[in-house]
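For reference, the structure discussed in these notes is given below.
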Amino acid sequence: MIIVHPAVIEQFKALREARLALTEGERLQSQQESLQVLCLVAYGTPRGDQLFAAWEQTHRAANDNMARIEALGARREAANAAYDALPAETQLAWLRQAIPV
């Protein structure tokens with residue numbers, strides 16, 4: 001059984017979640033671009049107003065997603081700092097457990 005330091009696990013969790021958030025960000029950006037074109041086509045009509053409201057909602061979701069990505073980056077940096085703050089002997093002991101020699 002391989003035992004990994006909790007800070008290293010936290011780094012990888014944050015990285016995985018950030019990758020998922022980036023994928024969501026790409027989806028939101030694509031949706032936003034499509035809605036923007038439709039808003040231009042339907043400008044001045046009731047449907048255009050509905051499309052603009054949908055675009056605003058997508059824009060807010062994209063901003064929230066970007067804030068989430070930034071928070072995950074900060075979380076990963078904190079985990080890096082926590083691991084780096086360990087004494088060298090402790091880091092070496094964790095590595096010896098994780099990597100069979």
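What tally of residues in segment 21-35 results from selecting those that are out of contact with any helix residue (DSSP H, G or I) (no Cβ under 6 Å at 6 or more places or on another chain) and not acidic (Asp, Glu)?
6
Could you please tell me which pairs satisfy a Cβ distance under 7 Å, a separation of 6+ or placement on different chains, a first residue in segment 2-31 that is part of a loop (DSSP other than H, G, I, E, B), and a second residue that is surrounded by 12 or more Cβ atoms within 10 Å (Cβ to Cβ)?
Close Cβ pairs (under 7 Å, with a partner that is surrounded by 12 or more Cβ atoms within 10 Å (Cβ to Cβ)) amount to Ile2/Ala98; Ile3/Gln97; Ile3/Ala98; Val4/Ala98; His5/Tyr83; His5/Trp94.
Looking at Ala82, Ala42, Ala78, Ala54 in this structure, which one is touching a Gly at 6+ places or on another chain (Cβ under 8 Å), open to solvent by less than 100 Å² (accessible area, probe 1.4 Å) and small (Gly, Ala, Ser)?
Ala42
The values are calculated or read from the model by the stated rules, or taken from the named source; none is laboratory data. Predicted, not measured: the structure shown is a model, and the values here were computed from it. Note that we place each Cβ from the backbone using ideal geometry, even for glycine, and neighbour counts take in every protein chain shown. Accessible surface is based on the protein model in full, side chains and every heavy atom, while ligands, DNA and RNA are left aside. Shrake-Rupley method; radii C 1.70, N 1.55, O 1.52, S 1.80 Å.
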